[in-house]
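Each remark here refers to the structure printed beneath this line.
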């Protein structure tokens, strides 16, 4: 069973948006054990869409088209497909989020599946309607399973070195490595004839990887660093309050991205000015003068202050220079202090991050969440 | 002059990575005035790569291949290309970041350009070597300019209706429409023989669009809603403090994503529990009891409270139900109240958003930033 993806949209060919739909659908098809050998992007142009569709129908059993389905004049998919297929058997797929419905067309033993472009419409439609159709229609005999193991705090090159042998494994069970800012993910991919064989292949590799990466692992599959932190806080029945300066609310926002976070997240404070740090979080004017706002002392006082004011188990304090301005030789852009105070621990760590203002904020939030995770 | 992109890598077809290279190259080609009509992805498979390359050479003047260039067995690009082209004139392009060099091959009047897959290798190589070659080789005589006009608060269908005639304009000057959560962007694309003609074409359309969309426009090109709000706060010499409950720090984080935001952003508060709302932001227990935490009254008291505590020009208060749990019939998930208090205004607005927890938080932050923007 071979499928193929055609993405439609001049905005893709102008590079105005990144094609995340193709990656999403590819992942989904892989999970169904359906082979995907080609993925094509064309603009909002009926001739070129026709050409791509004809080519795809000549080599694939199912063609998934995304985009060009909305209410606007650019939206050419439905007209182009129906011109090519004539009055084929068409099923309409409801769109519970947006306006444009999806289409599934039977055409000479092939399936043409048209989905809307916006991911928030495409994903529920695929999962609610298309996935069950594909499952029923194409029993490949193979199943494909993946397991993602997520680490934080190790550089990619280091993980790569530690996993060198595993990253070279030939199919049917392979390991891939993917890095983001301060996170490295290892993905085990297994293709097998039965669920049991796939699970066994994955479990044996997972065991090896866990033995090597130990505590650097924060979660699996869909878990995020913030959801992993949340789960630990709930398990330990701990509460937390955050006083974050340079991250500007990002850590609080990530912690509260997790459903149920009101159980442990009590208060976030973004004391951006020095004045506010002193008046409302209990940072001492002395420390500000002596060490500066970006210092071990002020980070520690932010953590201690917010913890004692709120009477929570964990206080977190973050201060740094997100840039691009405000850096000095001694305190360059990217310098961040993170402090955590619990009933048993008082830890402050210095970090030096690189990148844009948003990159630095993000890395600081990663480091801070990781410090919470490893100290409760 | 037509170019085409072929991305190579099984990891792309498994959806393990998102194809940001294609978007990057697309943007670059657009800037050079080079047409891009097709973009294709194939796996690490010589037959399918050959097929894609042959097809591309039949319809495009330049074919850019990315990926499959490294030292591993997966890396099939160089061998496949040379098998197809024989001993064509090949130029080697140095890689200052990684190991695999790039290749530029002259083949029957076409250019085949092979670049490494990792973005941090591809981008400097493209900008340092390929872009100058393309510029010299393809003096199209055309220049290509875009202008993006960004609106907030209007639904896409409404903007589409208001722009119906403009969205149908034929080349060389066209208008495209792109929607995100609560933002709609219009992109004017002009192809012209001189910079002056392009500017003129853009200016005349921009004038029309501005006359229709007026105050819904918050910015242009690379501006973000938060940077537009920041610019207004600086221009008006205003300061702001935020008390946000359901958005959990997201509004503060977005406001502080803007370099220089410490000039106007004084303090963010995330009073997540009712207790904290009362004790530290001055919400009355009466209001909480009588109207509930998600109500016009509490939003207004959050805004008023944080404004008077901090003695700032603008106080913003946000309260709502981000979900997925916690909704009731009367107060469903997605209900959000946003209040703003200035020396002249006291406004509270109710919103009902749809989507995931993160979608709802994002839309609430959009609505809140828009309310700041339109009330200073």
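The values are calculated or read from the model by the stated rules, or taken from the named source; none is laboratory data. From a predicted model like this one, the values you see are computed outputs, not experimental measurements. Ideal geometry is used to build each Cβ from the backbone, glycine not excepted, and the neighbour counts take in all protein chains shown.
Quick notes on this structure:
- Selected residue [over 30 Å from residue B:197 (Cβ atoms) and touching a residue at least 12 places away in the same chain (Cβ under 8 Å)] from B:131, B:121: B:121
- Taken as a whole, the structure leaves residue A:106 outside the set of residues that are in a loop (DSSP other than H, G, I, E, B) and either within 19 Å of residue A:123 (Cα to Cα) or touching a residue at least 12 places away in the same chain (Cβ under 8 Å) (or both).
- Qualifying positions in region B:312-326 - over 30 Å from the mean Cα position of the chain (by Cα) and under 17 Å from residue A:269 (Cα atoms): B:312
- When the helices (runs of 4 or more DSSP H) confined to region B:158-274 are screened for residues that are within 8 Å of another protein chain (Cβ to nearest Cβ), those reaching at least 3 such residues are found at B:250-255.
- Residue B:107 vs. criteria touching a helix residue (DSSP H, G or I) at 6+ places or on another chain (Cβ under 8 Å), over 30 Å from residue A:35 (Cβ atoms) and buried (at least 16 other Cβ atoms within 10 Å of the Cβ): yes
- Of the criteria (1) buried (at least 23 other Cβ atoms within 10 Å of the Cβ); (2) within 12 Å of chain A (Cβ to nearest Cβ), which one residue B:338 fails: (2)
- Within region B:1-14, if we keep just the residues that are part of a loop (DSSP other than H, G, I, E, B) and buried (at least 21 other Cβ atoms within 10 Å of the Cβ), the residue that is nearest to the other protein chains (Cβ to nearest Cβ) turns out to be B:14.
- Single condition residue B:38 does not satisfy, out of (1) within 21 Å of residue A:44 (Cα to Cα); (2) more than 10 Å from every other protein chain (Cβ to nearest Cβ); (3) outside any loop (DSSP other than H, G, I, E, B): (2)
- Candidate set from region A:351-376 (those that are within 20 Å of the chain's Cα centre (by Cα) and free of Cβ contacts under 8 Å to residues at least 40 places away in the same chain); member that is farthest from the other protein chains (Cβ to nearest Cβ): A:356
- Unique residue being facing chain A (nearest Cβ under 10 Å) and in contact with a helix residue (DSSP H, G or I) (Cβ under 9 Å, 6 or more places away or on another chain) when the list is B:55, B:49: B:55
Residue-wise test of (1) assigned to a helix (DSSP H, G or I); (2) under 24 Å from the mean Cα position of the chain (by Cα); (3) under 20 Å from residue A:95 (Cβ atoms).
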| residue | (1), (2), (3) |
| --- | --- |
| A:16 | no, yes, no |
| A:26 | yes, yes, no |
| A:44 | no, no, yes |
| A:47 | yes, no, no |
| A:64 | no, yes, yes |
| A:68 | no, no, yes |
| A:82 | yes, no, yes |
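- Hey, residue A:231 in contact (Cβ under 8 Å) with a residue 24 or more places away in the chain, assigned by TED's automatic domain parsing to the domain that holds residue A:361 and either within 24 Å of residue B:323 (Cβ to Cβ) or crowded, with 24+ Cβ neighbours inside 10 Å (or both) or not: no
- Conditions (1) free of Cβ contacts under 8 Å to residues at least 40 places away in the same chain; (2) buried (at least 20 other Cβ atoms within 10 Å of the Cβ); number of the one not met by residue A:316: (1)
Results for (1) at pLDDT 95 or above; (2) farther than 27 Å from residue A:187 by Cβ, shown as yes or no for each residue.
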site: B:2; (1), (2): no, yes
site: B:6; (1), (2): yes, no
site: B:29; (1), (2): no, yes
site: B:55; (1), (2): yes, yes
site: B:61; (1), (2): no, yes
site: B:67; (1), (2): no, no
site: B:76; (1), (2): no, no
site: B:83; (1), (2): no, yes
site: B:86; (1), (2): no, yes
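- Each residue in region B:174-209 was checked for being over 21 Å from residue A:17 (Cβ atoms) and touching a helix residue (DSSP H, G or I) at 6+ places or on another chain (Cβ under 6 Å), and 1 pass.
- Boolean, residue A:42 is touching a strand residue (DSSP E or B) at 6+ places or on another chain (Cβ under 7 Å) and under 22 Å from residue B:31 (Cα atoms): yes
- All positions within region A:119-155 that are under 30 Å from residue A:75 (Cα atoms), surrounded by 14 or more Cβ atoms within 10 Å (Cβ to Cβ) and at pLDDT below 90: A:120, A:138
- Conditions (1) farther than 16 Å from residue B:78 by Cα; (2) facing chain A (nearest Cβ under 7 Å); (3) buried (at least 24 other Cβ atoms within 10 Å of the Cβ): number failed by residue B:30: (3)
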